[in-house]
Amino acid sequence: MAAPPLGRLVLTHLLVALFGVGSWAAVNGIWVELPVVVKDLPEGWSLPSYLSVLVALGNLGLLMVTLWRRLAPGKGERVPIQGLLLLLPPSPPSVPTGGPGPGLRVGTPGVEEEEEEESPLQESPSQAAGTPLPDPKASQLFSVRGACLLGLLAVTNALTNGVLPAVQSFSCLPYGRLAYHLAVVLGSSANPLACFLAMGILCRSLAGLCGLSLLGLLFGAYLMALAILSPCPPLVGTSTGVVLVVLSWVLCAGVFSYVKVAISSMLHGGGRPALLAAGVAIQVGSLLGAVAMFPPTSIYHVFHSGEDCVDLCGP
């Protein structure tokens, strides 16, 4: 099949880039404003939970269109919606598949890429040819590895795009609006920095990625503990508490961002099926995390907010 003209390729990639940048600018712009408006709107400190659910539901529409096109493909040119799906931001301050993974290497209509590496989701050449592998356990281990990568991708997105953002206000606002503002802005900045790091140093070990995920989980557990103890978490009213909560948000966002970019890069070798599987894992994980945190934050009020000019943590 002949390759499309150069001008068409440039225009397609430019539109994909604008699509991703526009989505990120819109969602991140709203998220960065939360420290200013969260105390003045009716939802109060639960506002991030509402936004997490709304963003996840918005991305669910594109996911449904993608699955429909895959299950009932029509005639004519196929648009790589699954690639665009990976560019959509679930909820800041962390998402990250737009780094040196699938997000930057979206397929172009009419162009078939040669796969440079074997994907955990892809059959080996001997399997495709119908020749049995010498060791059947190798094939089983390979498929299990792919399932583990997709599961880890879904869990990390559930945490960073649903669970943790929903309680960010409860973990930061007891330390002041400045702490909340720094956590949001610096946490969002940690995402591209982690993506650039992955361009030079990419971990391809499943054990290594699981270890990094556990490290991010430790930071997340600390932030969740602060939210549960709100409005009187440890070291409230001290500069040490501010530094710890901001640093925890930045490191948590950076570690999980790196893990997601690394997994996406490893799955990219599978082509469009792997891109679709990664996109489904990202969006489903984000949606489940956001929906799971909505009742405790916005309905049952498990997490408690503070009041301005009122000391609720005194003796």
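Structural remarks
- In sequence order, calculated HN-Hα J values of the range 166-178 (Karplus, 6.51, -1.76, 1.60; Hz; x Gly/Pro): 5, 10, 4, 5, 5, 7, 9, 4, x, 8, x, 5, 4
- Protein-only accessible surface order, largest first, of Ile228, Ile263 at 1.4 Å: Ile228, Ile263
- Here Leu173 sits with roughly 10 square angstrom of accessible surface, probe radius 1.4 Å.
- Stretch gain in nm, segment Cys313-Thr238, where the contour uses 0.36 nm per residue and the Cα spacing is subtracted: 25.7 nm
- The heavy atoms of Phe170 offer some 0 square angstrom of accessible surface to a 1.4 angstrom probe.
- Sorting Lys260, Lys39 on solvent-accessible area from highest to lowest, probe radius 1.4 Å, gives Lys39, Lys260.
The values are calculated or read from the model by the stated rules, or taken from the named source; none is laboratory data. In this text the structure is predicted, and so the values were computed from the model without any measurement. These area figures cover heavy atoms from the full protein model, side chains too; ligands, DNA and RNA do not enter into them. Shrake-Rupley method; radii C 1.70, N 1.55, O 1.52, S 1.80 Å.
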